[in-house]
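The values are calculated or read from the model by the stated rules, or taken from the named source; none is laboratory data. These numbers come from a predicted model, not from an experiment. Positions of Cβ are backbone-derived with ideal geometry, glycine not excepted, and every protein chain shown enters the neighbour counts. Ligands, DNA and RNA are stripped out before the accessible areas are found, and what is left, the full protein with its side chains, is counted by its heavy atoms. Shrake-Rupley method; radii C 1.70, N 1.55, O 1.52, S 1.80 Å.
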Amino acid sequence: MTKRWLEEGAPAGVRELLGGARAPRAMRADERARSRARLRRASLVPLAAGLGLWMKGGLLAASLALASTSVVWVVAGGSTGGREGVPTLGSAAARARSTGTRIESVAPAATTLPPPTQAPTATPTPKLRAVAPPTGSAVASEPHSLAAEAALLERARAQLGSSPATALQLADEHRRSFLQGQLGPERELIAIDALVRLGRRDAALRRAAPLLGQPGLYHDRATRILDAH
Amino acid sequence: MNLKALPSLFGFRRTAPAESGEAFVRRAHEAHGDFVFRTLQRFGVRDADLEDMTQEVFMVVLRKWHTYDREVKMTTWLYGIAMRVAAGQRRRAWVRREEPTSELPHETDEASPESALVAARRAQALEEVLGALDVDARAIFVMFEIEGLSAQEIGDVAGIPVGTVYSRLHYARKKFEQAAELRRRREERGTP
């Protein structure tokens, strides 16, 4: 089996399928640039998480040391019959109750208790997390961008009947404005429809080729548009 | 006593301690980004998902760079990661019945719209049949039958012996022929 199947005499069906097969394509320059940029951004996240973990580790060690010190203190206080003024676990809990702070265990109490002078607050003490802060802009801009995309395409769709040329212009505007948009196939369907209505069937077919190249919903819709006119 | 052998005696890999994870990934991306991109296509990742999956491969590299054994070719290591990423994506796509939603290519090399259409339909048919192969067999089949790589070259890339390349190729051809036959019968019956 040292020769290609096509050279060895593959069955007719196989020959037909493999005849026009294309080798995998190379990464384009724009794809490479985007990939590089995304990787640069992503490599910062583990750094932040690592720093958080390191801080958490340090705090844990400190709280353990503090807790063991306070246990020794309590035990020492108990053996002498409980001296006046020596803080015990019970007194710490009582102070916490008075300031509105909840104590769940010895160690967290040592690190999360606010100073006595601090005003009592209704909100629980925030816990330290080893997670990088959420990138608010990225999260918030996503739905906004999707809404903007949908609005632009809706405008384009509304123009299909009266002015297909305007619809095509708006579709191209979407293409330029939302390079990483989520409604790319929808835009393509509008553009194909507009081209067909403008009598540019060749261009419509060319534009439909990627959609027709893969089975699914968009394949069927593109076929319907091309068949309808 | 050979001091250089000490790390392997204690089970450590020969990594690049002088290099940071970030620098390692950047170097791997510059040198082999295109290889990963092509390899993902060999495993059947669709054009619409290629950028995301390439990113996912390099995110794995960022997490696992310290486990890289320098005695293994970088491309072989990346090939293994890309295969797992592609297999995972195929499982997820199967569960969600995903539709492609990202940017689609607009340009084709075909001279006329009709030939572009014929080429697109042929590519779709080939994709359907290749989809019947598992990712590993598919990649070997694509490299040998479509890209024209030799068994030795494929073995080097995938990190497997030449004999294994041939046995997987044999299996892939069998599966491909069965899937092509099934597709032909479906078309004759006129069922999708």
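Points to keep in mind about this one:
- Label-point gap, in nm, between A:Arg155 and A:Arg201 - each point 7 angstrom along Cα→Cβ: 3.2 nm
- Comparing the full protein assembly with the isolated chain (1.4 Å probe, heavy atoms, ligands and nucleic acids excluded), the residues of the range B:53-72 losing at least 40 square angstrom of accessible area are B:Gln55, B:Leu62.
- Summed residue charge, Cβ within 11 Å of B:His32's Cβ, Lys/Arg positive, Asp/Glu negative: +1
- Of the trypsin sites (Lys or Arg not before Pro) in the range B:52-90, the ones in a loop by DSSP (not H, G, I, E or B) with at most 14 other beta carbons within 10 Å are B:Arg70, B:Lys73.
- When B and A come together, around 5200 square angstrom of accessible surface is lost from both chains combined, probe 1.4 Å.
- The order of the peptides B:45-53, B:140-148 by mean Cβ neighbours within 10 Å, most packed first, is B:140-148, B:45-53.
- Set the Cα radius of gyration of the range B:116-160 against 2.2 N^0.38 Å, with N its number of residues, and you get 1.34.
- Counted residue by residue at 0.36 nm each, then reduced by the alpha carbon distance between them, the extension gain from A:Ala147 to A:Glu8 reaches 44.5 nm.
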